[in-house]
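**Q** For reference, the structure I am asking about is given below.
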Amino acid sequence: MRMRPTLTWTPTEELSPGTTDLEPVADALSSGGVLVLSGAGISTESGIPDYRGEGGSLSRHTPMTYQDFTADAQARRRYWARSHLGWRTFGRARPNDGHRAVAAFERHGMLSGVITQNVDGLHQAAGSEDVVELHGNLGRVVCLSCGTLSPRRELARRLEEANEGFAPVAAAINPDGDADLTDEQVGDFRVVPCTVCGGVLKPDVVFFGEAVPPERVEHCRALVREASTLLVLGSSLTVMSGLRFVRQAAQAGRPVLIVNRDPTRGDRHAVTRIALPLGAALTTLAGRLGIPVDDGDARTG
């Protein structure tokens with residue numbers, strides 16, 4: 001029987017309710033060398049829902065797994081129909097105050113880098129340059145046969161042409177860009193192949209149940225080793241892909257600071273967890289540090 005990936009986490013011990021004191025984060029940023037690890041919670045203010053927060057999508061939606069996508073043509077049809085519809089909303093998302101504050105911290109030399117678990121590209125859109133996309137980027141598509149990478153907007157155009165008039169109303173859009181559609185709404189949606197070899201196309205993201213490329217993991221581990229502090233922003237740390245870096249930092253004696261409204265799987269490894277909304281918290285930090293945060297959207301494409 002195929003194992004399902006870990007999607008939820010229940011605390012086995014009583015965790016602190018968190019604090020509202022931003023001083024430890026301000027002190028760490030002032031000292032420099034801070035490595036940011038961000039999760040879905042930093043993008044909720046951009047209209048992209050969280051997986052596990054209040055009203056999170058996991059309460060009604062099970063994300064596509066790599067095993068299902070590669071093994072089942074009908075599963076791919078459902079995925080691409082839903083993802084094609086979701087992309088119309090997902091692709092229009094713009095950075096929020098949290099993304100812009102992180103970019104401002106980077107510009108002022110306070111960060112050693114950003115590792116994001118998100119696939120939305122919003123850190124880069126806000127102006128951050130030193131970003132490792134742990135789980136890939138939904139704006140790219142890869143062929144599973146020949147490895148060719150292509151822009152998502154190009155695939156969106158081809159899917160529009162192959163499915164003229166496809167415009168169902170989705171119940172919701174999920175953090176992975178997957179829209180909630182019924183099988184009836186999916187209908188006979190047509191999937192298009194790779195233009196180079198005719199192979200199966202997949203978004204260039206790490207699906208649940210799929211391993212993060214080893215070289216990417218090692219790069220992130222090196223960033224953790226070189227950082228003075230690990231600052232977690234908006235991640236429940238439920239999945240091991242992010243939690244392992246928190247554990248690594250703590251084991252190496254690097255302070256771990258978490259800004260997340262709800263308890264996380266990494267709380268016991270952290271010096272503190274600040275239970276505040278990210279946009280407001282990071283904007284407050286920038287003001288306290290005398291750092292201007294851009295008002296506008298730095299997205300160029």
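The values are calculated or read from the model by the stated rules, or taken from the named source; none is laboratory data. Please read all numbers here as calculations on a predicted model, not as lab measurements. Here the Cβ is made from the backbone with ideal geometry for all residues, glycine too, and neighbour counts use every protein chain on show. The protein model used for the area step is the full one, side chains on, heavy atoms only, and it has no ligands, DNA or RNA in it. Shrake-Rupley method; radii C 1.70, N 1.55, O 1.52, S 1.80 Å.
**Q** Restricting to the range 239-274, count the residues that are among the hydroxyl-bearing types (Ser, Thr, Tyr) and open to solvent by less than 10 Å² (accessible area, probe 1.4 Å).
**A** Residues of the range 239-274 that are among the hydroxyl-bearing types (Ser, Thr, Tyr), as a first pass: 241, 264, 272.
With open to solvent by less than 10 Å² (accessible area, probe 1.4 Å) added as a condition, the list becomes 264.
Selection size over the range 239-274: 1.
**Q** Might you check whether a residue that is open to solvent by less than 50 Å² (accessible area, probe 1.4 Å), among the small types (Gly, Ala, Ser), touching a residue at least 24 places away in the same chain (Cβ under 8 Å) and touching a Ser or Thr at 6+ places or on another chain (Cβ under 6 Å) occurs anywhere in the range 98-111?
**A** Start the filter on the range 98-111 by keeping residues that are open to solvent by less than 50 Å² (accessible area, probe 1.4 Å), which leaves 98-106, 110-111.
Going one step further and asking which of them are among the small types (Gly, Ala, Ser), we end up with 98, 101, 103-104.
Then keep just the ones that are touching a residue at least 24 places away in the same chain (Cβ under 8 Å); that gives 98, 101, 103-104.
After this cut, where a residue has to be touching a Ser or Thr at 6+ places or on another chain (Cβ under 6 Å) as well, the list is 101, 103.
Yes: one or more hits.
**Q** If you check residue 236 against the conditions, is it closer than 11 Å to residue 34 by Cβ and open to solvent by 10 Å² or more (accessible area, probe 1.4 Å)?
**A** no
Here's the yes/no breakdown for (1) modelled with pLDDT of 95 or more; (2) of a type in the set (A, V, I, L, M, F, W, C); (3) in contact with a Phe, Trp or Tyr (Cβ under 6 Å, 6 or more places away or on another chain):
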| residue | (1), (2), (3) |
| --- | --- |
| 196 | yes, yes, no |
| 208 | no, yes, no |
| 229 | yes, no, no |
| 271 | yes, yes, no |
| 286 | yes, yes, no |
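**Q** How many of the residues in the range 113-157 are buried (at least 16 other Cβ atoms within 10 Å of the Cβ) and not aliphatic (A, V, I, L, M)?
**A** Summing the residues that are buried (at least 16 other Cβ atoms within 10 Å of the Cβ) and not aliphatic (A, V, I, L, M) in the range 113-157 gives 19.
**Q** Residue 216 is checked against (1) surrounded by fewer than 13 Cβ atoms within 10 Å (Cβ to Cβ); (2) part of a helix (DSSP H, G or I) and fails just one. What number does that condition carry?
**A** Status for residue 216: all satisfied but (1).
**Q** Exactly one condition in (1) more than 20 Å from the chain's Cα centre (by Cα); (2) modelled with pLDDT under 95; (3) of a type in the set (S, T, N, Q) is false for residue 148; which is it?
**A** Going through (1) more than 20 Å from the chain's Cα centre (by Cα); (2) modelled with pLDDT under 95; (3) of a type in the set (S, T, N, Q) one by one, residue 148 breaks only (2).
**Q** Another question, if that's okay. What are the pairs, 6+ residues apart or on separate chains, where a residue within the range 24-51 that is over 13 Å from residue 255 (Cα atoms) has its Cβ under 6 Å from a residue that is β-branched (Val, Ile, Thr) and open to solvent by 40 Å² or more (accessible area, probe 1.4 Å)?
**A** Once the first residue is over 13 Å from residue 255 (Cα atoms) and sits in the range 24-51, its partners that are β-branched (Val, Ile, Thr) and open to solvent by 40 Å² or more (accessible area, probe 1.4 Å) give 50/44.
**Q** Here are some residues: 194, 220. Which one is closer than 18 Å to residue 75 by Cα and either touching a Cys at 6+ places or on another chain (Cβ under 7 Å) or in contact (Cβ under 8 Å) with a residue 40 or more places away in the chain (or both)? Give the derivation first.
**A** Numbers: 220 fails: closer than 18 Å to residue 75 by Cα.
194 is the lone residue from the list that is closer than 18 Å to residue 75 by Cα and either touching a Cys at 6+ places or on another chain (Cβ under 7 Å) or in contact (Cβ under 8 Å) with a residue 40 or more places away in the chain (or both).
**Q** Please list, ordered by first then second residue, the pairs with beta carbon atoms under 6 Å, 6 or more apart or interchain, first in the range 127-144 and free of Cβ contacts under 8 Å to residues at least 24 places away in the same chain, second open to solvent by 30 Å² or more (accessible area, probe 1.4 Å).
**A** Close Cβ pairs satisfying both conditions: 131/124.
**Q** Restricted to the range 171-193, and to residues that are open to solvent by less than 10 Å² (accessible area, probe 1.4 Å) and out of contact with any Ser or Thr (no Cβ under 6 Å at 6 or more places or on another chain), which residue is modelled with the lowest pLDDT?
**A** Of all residues in the range 171-193, those open to solvent by less than 10 Å² (accessible area, probe 1.4 Å) come to 174, 177-179, 186, 189.
Applying the additional criterion that residues be out of contact with any Ser or Thr (no Cβ under 6 Å at 6 or more places or on another chain) yields 179, 186, 189.
Values: 179: 75, 186: 84, 189: 92.
Per the criteria, the residue is 179.
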